[in-house]
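Take a look at the structure below.
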Amino acid sequence: MKKILQSLEEKINQIGKTSHPDKLRYEALEDLERLKSEISIIDFQVSKGLKDKNILNSLLAKTSENLENALKNLRNQKDELKILLDTLPALVYFKDSQLRYHLANRAFLDFSGITQKELEGKKLKEVFKSYLPIGDYENLEESVIEKGKFFFNVEEQLEKNGNIIWVHTNIAPVRNHTGKIIGLIGVSWDITDQKKYEDELKYSKEIAEEGEKIKDRFLTNMSHELRTPLNGIMGMAEILGKTNLDNKQQEYLKNLRNSGEHLISIINDIFTYSSLEKEEVKPIQKAFNTSELLQNTAQNFKEKLLEKSLKSVIDLDKSIPETIKGDPQLLGLILRNLYSNAVKFTETGTITMRAVPVSRTTENELLVRFEVEDTGIGIPEQYKDILFGSFTQLDTSSTKTYQGTGLGLAISKKIVNLLKGEIGVESKWQNGSKFWFTVPLSLENLETEEILYNKQKILELLKEFSVLLVEDNLINQKITSLTLEKEGCQVNLANNGKVGFEKYQQKLYDLILMDIQMPVMDGLEATQKIREFEKSKIDRHAFIIALSANALKEDKEKAIASGMDGFLAKPFKPEELFQLLFNLIIKK
Amino acid sequence: MISSFTFVCEIPRDFNSVLKSTLKKIDFKPTLAFCFVSIDFPLKQIMDSFQQYGINLFGTTSAGEILFDSDGDIMLNRGAVLVLTDIPASSFQLQLLKMDNFTQDVFGKEAGEIIKQRFKEPSVLTSFSGLGKNIQAVIDNILIKTRSQLKMYGCLAGDDLKLEKALVFTEKEITDCGAIFLILDDEKIGLNGMTTSGWNGLGTDFTVTHSEENVVSEIDNIPALDFYVNYLNILEEDLPMIGLEYPLMIKHQDGTFSLRAINKIDKEKRSLIFSSSIKSGTVFSFSASPGFEILEKTREKVIAFYEKNQSADLMFLYSAVARQLATGPLINTEIKLAAIKWRVPLVGCFNYGEIAKDNDQPSKFYNQSFTLALLTEKPAPSL
């Protein structure tokens, strides 16, 4: 504007001195227009400024009031934070980006024995002169500063008054308002007691694990010690039954068999329960015939039903497909347990086994309810709640009428849970019981190529087989060989694994029945040697089946790992051996 | 190339004769006219004239009219500013929609459906009336129906700062609560644009503690109207006018911000009404124009935009009325910054809100902005 005014002044001065004033007059008028425009802008700025002044002043005043309040709040928060930090038992400290202490709470200062003023600017080892580094704590701090990482539960050792103090520390970066890392915050807490407890806990765990091993060993040994003589008793009873006996002798033999079978079922229950407890039982999905499952279950109790003149009814709802998918072995086990109880506690009347559909849980899944209903003594109301517990027997008198381990229902409940179902009972004292359970069964891919068991076929094959029985126990030798010979097999004997291996080298047997626990060389080693021999010298594979009194899952796993093809727990019924051989030889 | 002819009419009673003489003067047959006009003009007369000549009319009342003619002169606030064009009728569809009792969602979706159906690749010039309506919600719903990258440019019509009732109209229909859409065939008529603001945040942050859609009823737990009046130390009567100059600067979590100017108040409910949703929990500060500095920002943005978009047959300028209030006589300089670059006819208006698609952002509603839209006829594809 100053320039325009100067130019205008010059032009006005020259107008009187020039002979052509019109041009200058026109230029002066232009300057005046420009001046007018500049003045209008200034005028606008002034009036706008005045208008804005009130608003901007108000904004400024309010903002400064807000800032003052914010500052006051900040100071209050700072005081509160300090009180909070000072009341914490944990050691809290702030370090700058050079990892020098900047601020710490009371617990930290008390622990380190220095004042806040003395602490400021010092590094870790200047504060804790006897710092005992574990791992790379200082490197961790550097990576907090450089990379903004967080670390949790970093273990450290500090020394105080000659005692080792264990601490856990969390470290986190501290950033300014632009996000730049300006230091770190550390929080440490004493875990010395925790460490002590951990050591104690570790020791207790080792003891517990050792205890578990001892328990397993005890079960293995008990299994072996009980099953071996039982095998003898049952085998001999089987052979005795084939001889000429008078009625009284047959009655005694029957009692002997019953007691033996009862003892076997007790041992089996204990092992099944132990396997379920250890979660070793894994359900499988296999197509099976529902009707056959129910028929076979009832068939197992044919003699007992006859004995008590009990009627057996099977009621299978027609809407349940004939073939369905689930775990037939586990389902059979539950049904046998329930049926066994029904037979046990019913003196007259009927035992009904029922299967009815409940609902379609998904497109390919059917919830089926199985029931075993009897007309027996029933269950008093007060016992229903404890019925499915372990080792529960309602008759606890010393003169027990009904025998059992009290594990049957507990086992059934565990299996039903495993199969994702429910189990329960409806009963009235003196008025019968109805035990039921539901399980989801699959309707998917039901095509089954199941080859049905054919005993005749396997017996025909066995007649052509050369069989070696490797067994140290004379009674068992006798029982097993007699059983097989009765079916037309040629059985040779070996007293231990070493002899068994030597005999196999001399004659290539088709089937070897191998005991596990034997003197000189056990069955596992003998099997390994046979397999090595087969692999290196001959291209052949003999069927080796373990016959063991050790019935735990790990025993079976060990046998299979050594190279055996199958496993039978002693005492076994001839039928079980034939079925296993059928599965091994014909099915495969 | 689109042929166009711009003219102004300052005296309402002269409108018919001005239009008649203009039509005689031009050497092309106009198909479509754009009119930015003061609310005090007899709009019925304008509409009837165009209907009589069979020319489609895209009309918007304004808070000031803008014209940069072929002689390089800028004319502001002259009553009515018009441009006649020969955009082929097959390349556009003009549609006026009334909001009536529809919600913004339904209205937006209906508009979106119409836009989508007309051309394979549509773009839109639009003007909204309906002060206090949630324009952003309408745009969002249009984009739901069409495509997220639909190009939309336009404004929220003005009423010479009375802030009572704005109008949009065609040669046949008019509404104070609705919108007109000029749907263009983007394969034949190119539409491109930019937007810039320049407002600065002031003071500390506050939080909207209660709101419903575009109506803010509480700020920091204080009735919003009381809060605004008290904080700026103004009288209630100064609103909503002063709200145009001191908008809220909404701070988004990703660090970006948007400006939201008050365009209505509800004295009974002590609430402030905007043209876009402001959710409860929104953090904002007040904002103000830094004065002439905004011109520098406009200059930078225009130059950058020009580098990439040098071709234009006709330009539209939608300038927030607050920019005129903030810069006074220097508003001419800002308009010239844009107009002089392309040296093609420019028409437009001062208004209460702008609609633009800026860079890769979807089309949005803006306040306090300087928004340009360029129209270009695309060459026919060679065989």
Subject >> Residue in the stretch B:83-134 that is nearest to B:Phe7 (Cα to Cα), counting only those that are in a loop (DSSP other than H, G, I, E, B) and hydroxyl-bearing (Ser, Thr, Tyr) >> reply: B:Ser129
Subject >> Residues of the stretch A:38-65 that turn out to be at the interface with chain B (Cβ under 7 Å from one of its Cβ atoms), open to solvent by 40 Å² or more (accessible area, probe 1.4 Å) and of a type in the set (S, T, N, Q), as a count >> reply: 2
Original post:
Do we have A:Arg100 as within 60 Å of the chain's Cα centre (by Cα) and away from chain B (no Cβ under 14 Å) here?
Top reply: yes
**OP:** Output the residues belonging to the stretch B:204-263 that are of a type in the set (Val, Ile, Thr), free of Cβ contacts under 8 Å to residues at least 40 places away in the same chain and either within 13 Å of another protein chain (Cβ to nearest Cβ) or out of contact with any strand residue (DSSP E or B) (no Cβ under 8 Å at 6 or more places or on another chain) (or both).
**Re:** B:Ile219, B:Ile222, B:Val229, B:Ile234, B:Ile242, B:Thr256
Original post:
Can you spot a residue in the stretch A:70-93 that is more than 14 Å from chain B (Cβ to nearest Cβ), β-branched (Val, Ile, Thr) and in contact (Cβ under 8 Å) with a residue 40 or more places away in the chain?
Top reply: yes
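Which ones in the stretch B:108-138 are free of Cβ contacts under 8 Å to residues at least 60 places away in the same chain, of a type outside the set (Val, Ile, Thr) and either under 25 Å from B:Val216 (Cβ atoms) or open to solvent by 10 Å² or more (accessible area, probe 1.4 Å) (or both)? It would help to see each step written out before you state the result.
Within the stretch B:108-138, the subset free of Cβ contacts under 8 Å to residues at least 60 places away in the same chain is B:108-110, B:112-113, B:116-117, B:130, B:138.
With of a type outside the set (Val, Ile, Thr) added as a condition, the list becomes B:108-110, B:112-113, B:116-117, B:130.
Hits for the stretch B:108-138 are B:Gly108, B:Lys109, B:Glu110, B:Glu113, B:Lys116, B:Gln117, B:Gly130.
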**OP:** Sort out which residues of the stretch B:60-107 are charged (D, E, K, R) and crowded, with 24+ Cβ neighbours inside 10 Å, and write them in order of number.
**Re:** B:Glu65
**OP:** Scan the stretch B:19-40 for residues that are more than 27 Å from B:Leu374 (Cβ to Cβ) and either surrounded by 15 or more Cβ atoms within 10 Å (Cβ to Cβ) or in contact with a Lys or Arg (Cβ under 7 Å, 6 or more places away or on another chain) (or both) and jot them down.
**Re:** B:Ile39
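Quick grid of which residues meet (1) closer than 30 Å to A:Ser275 by Cα; (2) at pLDDT 90 or above; (3) more than 37 Å from the chain's Cα centre (by Cα):
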{"residue": "A:Lys129", "(1), (2), (3)": "no, no, yes"}
{"residue": "A:Tyr137", "(1), (2), (3)": "no, no, no"}
{"residue": "A:Glu155", "(1), (2), (3)": "no, no, no"}
{"residue": "A:Lys180", "(1), (2), (3)": "no, yes, yes"}
{"residue": "A:Val187", "(1), (2), (3)": "no, yes, no"}
{"residue": "A:Gly211", "(1), (2), (3)": "yes, no, no"}
{"residue": "A:Asp216", "(1), (2), (3)": "yes, no, no"}
Original post:
Would the stretch A:210-217 turn up any residue that is in contact (Cβ under 8 Å) with a residue 24 or more places away in the chain and open to solvent by less than 20 Å² (accessible area, probe 1.4 Å)?
Top reply: no
**OP:** May I ask you to verify whether A:Arg106 is outside the structural domain of A:Pro173 (by TED's automatic domain parsing) and more than 30 Å from B:Asp238 (Cα to Cα)?
**Re:** no
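For the condition touching a Leu at 6+ places or on another chain (Cβ under 8 Å), at pLDDT below 95 and not in a loop (DSSP other than H, G, I, E, B), what is the one hit in B:Phe7, B:Phe34?
Matching residue, one of B:Phe7, B:Phe34: B:Phe7.
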Original post:
With the stretch B:293-383 as the region, which helices (runs of 4 or more DSSP H) entirely inside it contain at least 3 residues that are within 14 Å of chain A (Cβ to nearest Cβ) and within 20 Å of the chain's Cα centre (by Cα)?
Top reply: B:321-327, B:331-342
Original post:
touching a residue at least 40 places away in the same chain (Cβ under 8 Å), open to solvent by 10 Å² or more (accessible area, probe 1.4 Å) and away from chain A (no Cβ under 14 Å): does that describe B:Lys188?
Top reply: yes
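B:Leu202 - would you say it is outside any strand (DSSP E or B), of a type in the set (A, V, I, L, M, F, W, C), open to solvent by 20 Å² or more (accessible area, probe 1.4 Å) and farther than 30 Å from B:Glu307 by Cα? First the steps, then the outcome.
Numbers: outside any strand (DSSP E or B): no; of a type in the set (A, V, I, L, M, F, W, C): yes; open to solvent by 20 Å² or more (accessible area, probe 1.4 Å): yes; farther than 30 Å from B:Glu307 by Cα: yes.
So B:Leu202 does not fit the description; no.
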Original post:
Which of the strands (runs of 3 or more DSSP E) contained wholly in the stretch A:397-494 include at least 2 residues that are closer than 30 Å to A:Thr348 by Cβ and either at pLDDT below 80 or within 33 Å of the chain's Cα centre (by Cα) (or both)?
Top reply: A:422-427, A:433-442
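The values are calculated or read from the model by the stated rules, or taken from the named source; none is laboratory data. Bear in mind the structure is a predicted one, so any value in this text is a computation, not a measurement. Methodologically, a virtual Cβ is constructed for each residue, glycine included, from the backbone with ideal geometry; neighbour enumeration extends over all protein chains shown. Please note that ligands, DNA and RNA were not included when accessible areas were found on the heavy atoms of the full protein model with its side chains. Shrake-Rupley method; radii C 1.70, N 1.55, O 1.52, S 1.80 Å.
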